[in-house]
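In what follows, a structure is listed as structure tokens, so that the remarks can point back to it.
Every read-out reported here was derived from the displayed coordinates using simple, explicitly stated rules and does not represent laboratory data. Quantities reported herein were computed from a predicted structural model and do not represent experimental measurements. Neighbour counts run over all protein chains shown; Cβ positions are idealised from the backbone, glycine included.
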Amino acid sequence: MMAAILPPAMLGILGGGQLGRMFAVAAKTMGYRVTVLDPDADAPAAAFADRHIQAPYNDPAALADLAASCAAITTEFENVNADAMRELAKTTRVSPSGDCVAIAQDRIAEKSWVAKAGLPTAPYLAIESVQDIQVELAPYLPGILKTARLGYDGKGQARVKTADEARAAYANLGGQACVLERMLDLKLELSVIVTRVSPAQSAVFPVAENIHVNGILDESIVPARVAPALAARAQEMARQLAEALDYVGVLAVEFFVLADDTLVVNEIAPRPHNSGHYTLAACLTDQFQQQVRALCGLLPGKTDLLSPVAMVNLLGDVWKDDGGEPNWDVLMEAPNAQLHLYGKKAARPGRKMGHFNVMAATADEALEQARALKDTL
């Protein structure tokens with residue numbers, strides 16, 4: 001059992017976006033100090049950090065500085081250099097491991113690990129060369145062609161109906177490694193955030209029901225409006241996957257629910273997740289406190305849901321064309337709503353600028369009010 005890291009130890013995080021910012025707030029609140037490594041001078045997390053190392057994620061001097069000055073290091077996004085994380089792990093505690101991050105970075109590796117854990121995925125074809133796409137594609141069509149690496153929020157994807165379209169889309173994506181995944185008839189989408197410190201120490205949050213628009217999460221509803229047995233199955237599958245990966249940290253697992261209530265793993269994220277932001281307002285412990293606890297070798301906090309909740313993402317589209325703020329007045333007057341802005345300087349369409357949570361007696365009431373509030377912005 002690893003020794004617990006206690007305040008006021010210095011914790012490091014690779015990445016200074018909104019997830020890093022919320023990690024920094026949680027860590028600072030718990031008495032830790034925080035160093036952020038991010039090349040952006042305006043990194044949102046830097047506003048809450050004790051130190052901001054402004055350098056590329058693969059800068060050897062910056063990484064050496066981080067390793068020497070921090071008791072433990074984590075990441076806020078999966079496109080960080082996995083080799084850098086493996087290097088850091090030689091001299092300091094790193095969670096999640098570089099190996100787990102490398103798996104989450106690559107859809108082909110990710111899907112084969114999901115299968116190895118005994119869990120189902122959508123039918124898919126791994127395409128690593130032109131030869132791989134010359135086979136019979138009917139079992140995977142209509143489908144979505146996704147780049148194996150560096151795709152998120154709907155980027156690096158193309159919907160294809162025919163074999164010719166699939167081959168053209170593959171050529172359009174520059175012939176890089178891809179996955180062709182059959183489109184399934186979905187009833188809805190769910191996600192589960194699991195925190196694992198060791199085989200005996202793990203905790204799962206209540207299941208979120210997620211609604212996406214243009215490939216980006218729009219709303220999360222908790223508790224998910226599904227049968228309790230289905231929710232429990234999703235939680236158990238998330239635990240099973242974390243166990244198979246020997247994962248340490250916070251892991252998000254996204255699921256498709258098919259017409260017959262079959263659960264299929266869509267993808268994983270080796271970090272706190274947009275669909276877990278409801279925990280900031282509605283749970284005994286939030287996902288960022290869990291990230292700190294797992295990194296420091298502490299028992300995961302209790303995950304009880306204190307109130308039904310709806311989370312709404314706020315993208316740059318809500319801001320005025322001249323960059324002016326949305327009309328916050330109605331939202332700020334709502335006593336059961338909590339606004340959370342990420343401190344980003346420029347609002348752009350599709351850019352995540354913040355979110356808000358609405359707590360109510362039922363998930364449906366929370367969602368109805370959240371949508372009404374969004375309409376006032």
Which distance in Å, rounded to a whole number, links the C-alpha centroids of the stretch 59-107 and the stretch 318-371? 33
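Efficiency by 1/(1 + (r/R0)^6): what FRET value for residue 365 and residue 69, r their Cβ-Cβ distance, R0 = 56 Å, to the nearest 0.05?
Numbers: r = 48 Å, r/R0 = 0.85.
That pair, residue 365 with residue 69, gives E of 0.75.
Evaluate the relative contact order of the chain (contact order divided by residue number), counting alpha-carbon pairs under 8 angstrom at least 6 apart; express in whole percent. Display every interim value, and only then the final one.
Working: 849 pairs, mean separation 53.4, N = 377.
That works out to 14 percent.
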Pull up the cross-link candidates among the lysines for residue 374, meaning alpha carbon to alpha carbon under 30 Å and not fewer than 8 places away within one chain. 155, 187, 320, 344, 345, 352
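Kirkwood-based Rg over Rh for the stretch 14-91 (C-alpha set), two decimals?
Details: Rg = 11.4 Å, Rh = 12.3 Å.
We get a ratio of 0.92 for the stretch 14-91.
Express in nm, to one decimal, how much length is gained between residue 333 and residue 6 on full extension, taking 0.36 nm for each residue of separation and deducting their alpha carbon distance. Can you show the working numbers first?
Numbers: separation 327, 0.36 × 327 = 117.72 nm, distance 3.85 nm.
That works out to 113.9 nm of additional length.
State the dimensionless ratio Rg/Rh of the stretch 1-58 (Rg: radius of gyration of Cα atoms; Rh: Kirkwood radius). Don't skip to the answer; put the middle values down first.
Numbers: Rg = 11.4 Å, Rh = 11.3 Å.
Looking at the stretch 1-58, the ratio lands at 1.00.
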Here the stretch 40-53 yields Karplus 3J(HN,Hα) values (6.51, -1.76, 1.60; θ = phi - 60°; whole Hz; Gly and Pro given as x) of 7, 4, 9, 3, x, 5, 4, 4, 10, 8, 6, 9, 10, 8
Just to check I understand the Karplus step: with θ = phi - 60° and J = 6.51 cos²θ - 1.76 cosθ + 1.60, what whole-Hz values come out for the stretch 311-323, glycine and proline as x? 10, 10, 6, 10, 9, x, 4, 6, 6, 6, 4, 8, x
Give the share of C-alpha pairs in each 10 angstrom bin for the stretch 1-156, from 0 to the last occupied bin, in whole percents, shortest bins first. 10, 33, 28, 18, 9, 2
With label points set 7 Å from each Cα along the Cα-to-Cβ direction at residue 177 and residue 126, the distance between them in nm comes to 0.8
So what's the gap between the Cα centers of the stretch 117-178 and the stretch 249-307, to the nearest angstrom? 28
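So for the stretch 269-377, considering every pair of alpha-carbon atoms, how many percent are separated by more than 25 Å?
Values: 1627 of 5886 pairs.
When every Cα pair of the stretch 269-377 is considered, 28 percent fall beyond 25 Å.
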Computed [θ] at 222 nm, helices only, for the chain once each DSSP H run of length n ≥ 4 contributes -39500 (n - 2.57): -8000 deg cm²/dmol
Working only with C-alpha atoms, what are the Rg and Dmax values of the chain, expressed in angstrom? 20.5, 59
Using a 7 Å offset from the Cα along the Cα-to-Cβ direction at both residue 136 and residue 351, what is the distance between the two label points in nm, to one decimal? 4.9
Residues with amide H under 5 Å from that of residue 207, placed H, sequence gap 5 or more: 224
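Hand me the chymotrypsin sites (Phe, Trp or Tyr not before Pro) from the stretch 75-155 located in a DSSP loop with no more than 14 other Cβ atoms within 10 Å, in residue order please.
Working: sites: 77, 113, 124, 140, 152; in loops: 77, 152.
For chymotrypsin sites (Phe, Trp or Tyr not before Pro) across the stretch 75-155 that sit outside H, G, I, E and B with at most 14 neighbouring Cβ atoms in 10 Å, the list reads 152.
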Determine, for 195, 376, the number of other Cβ atoms within 10 Å of each Cβ, and report the residues in order from fewest to most. 376, 195
Given R₀ = 25 Å, FRET efficiency for residue 317-residue 372 by Cβ-Cβ distance, to 0.05? 0.85
Summed side-chain charge close to residue 7 - residues other than residue 7 whose Cβ falls under 11 Å, Lys, Arg +1, Asp, Glu -1: +2
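Sorting 78, 189 on the 10 Å Cβ count, fewest up front, what's the list?
Working: 78 23, 189 19.
With the fewest neighbours first, 78, 189 line up as 189, 78.
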Remind me, what semi-axes does the stretch 205-344 give for its equivalent ellipsoid, largest first in whole Å, using sqrt of 5 times each Cα gyration tensor eigenvalue? 28, 19, 15
Residues meeting the amide H criterion for residue 55 (H placed from the backbone, H to H distance under 5 Å, 5 or more places apart or on another chain) are 38
Any idea what the relative contact order of the stretch 132-213 is, in percent, if you count C-alpha pairs under 8 Å spaced at least 6 apart? 27
Return the distance in nm (one decimal) between the two label points of a simple spin-label model at residue 186 and residue 99, each offset 7 Å from Cα along Cα→Cβ. 3.1
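Test of understanding: express the Cα radius of gyration of the stretch 111-178 as a ratio to 2.2 N^0.38 Å, with N the residue count. Walk me through the numbers on the way to the answer.
Details: Rg = 12.0 Å, N = 68, 2.2 N^0.38 = 10.9 Å.
Here the answer is 1.09, to two decimals.
Just want the ordering: 212, 277, 52, from fewest to most Cβ atoms lying within 10 Å of their own Cβ. Before the final figure, lay out the partial values.
Numbers: 212 15, 277 29, 52 18.
Lowest count first: 212, 52, 277.
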